[in-house]
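Engineer: After the structure tokens below, expect a handful of questions from me.
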Amino acid sequence: MTVRPFVPWPDKRLRTVCAPVPEVTDQIRAIWEDMIETMEAMPGVGLAAPQIGVMLRLAVVDASDTRGQAIRMANPEILHASVTFREHDEASPNLPGVHATISRPRAVTVAYLDETGTRVEKDLVGLWATSVQHQVDHLNGRMYFDLLSKVKRDMLLRKARKKG
């Protein structure tokens with residue numbers, strides 16, 4: 001397992017829709033292990049493959065208090081989202097030093113291939129739901145700050161440039 005470096009914003013890979021994973025192989029499982037190691041080193045509650053330059057639809061999420069509960073997802077897709085929203089402070093290691101309060105559905109149902117290649121549907125709530133939505137956005141070439149108004153997004157990016 002290896003802690004991998006993050007792709008720095010505004011690298012175009014962070015704006016690229018990732019390719020589907022045709023099947024879960026040992027190579028895919030090895031990427032997931034690196035992703036978990038990298039996520040833990042941040043520390044964070046989720047990581048999408050393009051954040052480390054792997055342009056496949058892979059994500060890991062671990063919003064547990066104890067850690068070590070990571071969900072490994074290939075080709076995750078949000079099937080349902082609650083009408084109730086929750087706000088959470090979001091950030092990204094690809095654009096360090098800045099964060100923003102983002103409003104997302106409080107609960108989601110996500111479908112994905114697990115580490116055995118089996119299709120799973122899972123209901124997630126709270127921080128788990130927020131993190132999986134954040135990761136799916138990454139897989140679709142979107143960043144959390146895309147959900148902000150233009151004025152707030154521009155302010156956040158200016159602040160990031162000053163810190164960089």
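Engineer: Taking the chain as the reference, fit the longest principal axis to its C-alpha atoms, fit the long axis of helix 127-139 to the helix C-alpha atoms, and give the angle between the two in degrees, 0 to 90, nearest 10.
Structural biologist: Helix 127-139 sits roughly 90 degrees off the main axis of the chain.
Engineer: According to a simple spin-label model (label point 7 Å from Cα along Cα-to-Cβ), what is the distance in nm between Thr84 and Ser149?
Structural biologist: Output for this residue pair reads 2.7 nm.
Engineer: Same structure again: Report the charge-dipole magnitude of segment 12-162 in Debye, nearest 20, computed about the Cα centre from +1 at each Lys and Arg Cβ and -1 at each Asp and Glu Cβ.
Structural biologist: That gives segment 12-162 a dipole magnitude of about 980 debye.
Engineer: Another question about this same structure. Using a 1.4 angstrom probe with every protein chain in place, what is the largest-first accessible-area order of Ser92, Ser149?
Structural biologist: The residues order as Ser149, Ser92, largest area first.
Engineer: Further, regarding this structure: Take the alpha-carbon centre of segment 1-62, take the same for segment 93-135, and report the distance between them in whole Å.
Structural biologist: Using only Cα atoms to place each centre, the spacing works out to 14 Å.
Engineer: With a 1.4 Å probe and every protein chain kept in, tell me what percent of the accessible surface of the chain is carbon plus sulfur.
Structural biologist: After summing per-atom areas, the C and S share lands at 53 percent.
Engineer: Something else about it: Testing the spin-label approximation: label points 7 Å from Cα along Cα→Cβ at Met1 and Val17. State their distance in nm.
Structural biologist: The two pseudo-label positions are separated by 3.3 nm.
Engineer: So, for segment 12-162, what is the accessible surface per residue at a probe of 1.4 Å, expressed in square angstrom?
Structural biologist: That works out to 48 Å² for each residue.
Engineer: Further question: Share of antiparallel DSSP beta bridges in the chain, in percent to the nearest 5?
Structural biologist: Among the beta bridges of the chain, antiparallel pairing accounts for roughly 95 percent.
Engineer: In deg cm²/dmol, rounded to 500, what helix-only [θ] at 222 nm does the chain give when every DSSP H run of at least 4 residues adds -39500 (n - 2.57) and the total is split over its residues?
Structural biologist: Taken over the chain, the calculation gives -8500 deg cm²/dmol.
Engineer: Now for a different question. Name the residue, out of Thr116, Thr101, Thr38, whose mean-square fluctuation peaks in a Gaussian network model built on the chain with Cα pairs under 10 Å.
Structural biologist: Comparing Thr116, Thr101, Thr38 in a Gaussian network model of the chain, the most mobile one is Thr116.
Engineer: Also, I was wondering about something else. For Gln27 and Asp114, compute 0.36 nm times the residue count separating them, minus their Cα-Cα distance, and round to one decimal in nm.
Structural biologist: The Gln27-Asp114 span can extend by a further 29.9 nm.
The values are calculated or read from the model by the stated rules, or taken from the named source; none is laboratory data. Model, not experiment: these values are computed from the prediction. FYI the Cβ positions are ideal-geometry reconstructions off the backbone, even for glycines, and counts take in every protein chain you see. Accessible surface is based on the protein model in full, side chains and every heavy atom, while ligands, DNA and RNA are left aside. Shrake-Rupley method; radii C 1.70, N 1.55, O 1.52, S 1.80 Å.
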